[in-house]
Amino acid sequence: MIFRKALEFELIKKDPTEFAYLKKDKKTIEQFEEEELPKYLEKEELSLFLKTAKESGLEHDYLVFLILSYTGIRVGELVALKWKDIDFVNHTISITKTYYNPSYNALNYQLVTPKTRKSRRKIIVDEDVIEALKAHKKVQDEVIEQLGDTYYNHDFIFAKTQRHYGYPIVIKNVRDRMKRLLRISGLNEELTPHSLRHTHTSLLAEARVSLEQIMDRLGHSDDQITKNVYLHVTQEMKKEASQKFSELMRSLD
């Protein structure tokens, strides 16, 4: 990347790395299985977590974690979402940007383009997600009408309703809210919003969705962690298939 930029600025005439090739060692299934898997929720745990968010969550909590769980989007992509990204007719969410704010200052945020071309994508979502978004929009529209010009109305779905009205919520807020809900529900408090991305991967694999479709939905062309989660889940499914076959044969005795 440095040499390409140097070419662009005409600091050099030839890129010495142009024909360089980094050999990647192919890993065996055994090596994949030995690698530590990221933590994620089983489907029963996810159901409990979302139930807790619905019953004990603070403002935005249920919708935030419903979308993260049902789409597998990154938390930065979630915070950057605007209403124009939602297609209520076709039930899709368009991912075109991500939130950047290393200072955690609500007023100094930036919206940047996704890191790769594959990260720009359109995700089909469930009816439950669409209905929850509609309910949230109705409440937000009432708040905007009440606050008028004091509301920073830049179309953000997840906007602050205290102090800096209308500014997008910060990522740290999502992490803290998740930790609170995990504690209430008695689940692993080490999990993070990104764990819901791995959860989405594991449940899609369990539903027998192909790895290619999962990668497309998550918005990346190559991610080893996602592949490891997928492999782990599908390997367990293969064991289950073997057990079912054995049980069928035993039943004939």
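Every read-out reported here was derived from the displayed coordinates using simple, explicitly stated rules and does not represent laboratory data. Please read these numbers as outputs of a predicted model, since none were measured by experiment. Heads up, the Cβs are rebuilt from the backbone with ideal geometry, glycines too, and the neighbour counts pull from every protein chain shown.
Determine the equivalent ellipsoid of segment 192-253 by diagonalising the alpha-carbon gyration tensor, then write out the semi-axes as square roots of 5 times the eigenvalues, largest first, rounded to whole Å.
Each semi-axis is the square root of five times an eigenvalue, giving 30, 11, 9 Å.
In nm, what is the difference between 0.36 nm times the number of residues separating D128 and Q110 and their Cα-Cα distance?
Contour length minus the Cα-Cα distance gives 3.5 nm.
Scattering from the C-alpha atoms of segment 109-239 alone, worked out with Debye: what is log10 I(q)/I(0) at q = 0.19, 0.21 1/Å?
Summing over Cα pairs of segment 109-239 leads to -1.30, -1.34.
Provide, in order from the shortest bin, the percent of all Cα-Cα pairs of segment 41-191 in each 10 Å bin, continuing until the bin that contains the maximum pair distance.
10, 39, 39, 11, 0
Just to check, using Stokes-Einstein with a Kirkwood Rh over alpha carbon pairs, what's the diffusion coefficient of segment 146-223 at 10 °C and 1.306 mPa s in µm²/s?
Result for D is 103 µm²/s.
Give the value in nm², to one decimal: projected area of the alpha carbon convex hull of the chain, averaged over all directions.
Computed as one quarter of the Cα hull surface, the answer is 20.1 nm².
Would you mind checking the pairs K82/K138; K122/K227; K51/K84; K43/K160; K84/K122 and listing those with alpha carbons more than 19 angstrom apart?
From the list (K82/K138; K122/K227; K51/K84; K43/K160; K84/K122), the Cα-Cα distance tops 19 Å for K122/K227; K51/K84; K43/K160.
Mind telling me which of M178, M237, M215 comes out most flexible in a GNM of the chain, alpha-carbon contacts under 10 Å?
M237
Calculate, in nm to one decimal, what K5 and V143 gain on full extension: separation in residues at 0.36 nm each, minus their alpha carbon distance.
Values: separation 138, 0.36 × 138 = 49.68 nm, distance 4.70 nm.
Result for the pair: 45.0 nm of gain on full extension.
Looking at the chain, identify the longest residue range that excludes and avoids all trypsin sites (Lys or Arg not before Pro) in DSSP loops having at most 10 other Cβ atoms within 10 Å.
On the way: sites that count: K13, K14, K23, K24, K26, R163, R208.
The longest uninterrupted stretch comes out as 27-162.
Could you work out how much longer the chain between T92 and K244 gets when fully extended? Use 0.36 nm per residue separation minus the Cα distance between them, nm to one decimal.
Extending this stretch completely gives an extra 51.0 nm.
With a 10 Å cut-off between alpha carbons and a GNM built on the chain, which of I73, I95, I225 moves the most?
Taking springs between Cα atoms under 10 Å, the residue moving most is I225.
Considering the chain as a Gaussian network with a 10 Å cut-off on Cα pairs, which listed residue, F65, F88, F158, attains the greatest mean-square fluctuation?
F88
Fewest first, what order do D15, D61 take by the number of other Cβ atoms within 10 Å?
Going from sparsest to densest Cβ surroundings: D15, D61.
Taking the Cβ of each residue in I2, I123, I93 as the centre, tally the other Cβ atoms inside 10 Å and list the residues starting with the fewest. Please list the in-between numbers first.
Numbers: I2 8, I123 20, I93 23.
Ascending number of Cβ neighbours within 10 Å: I2, I123, I93.
Taking the Cα atoms of segment 29-119 alone, what are Rg (to one decimal) and Dmax (as a whole number) in Å?
Calculated on Cα positions, Rg and Dmax stand at 16.3, 48 Å.
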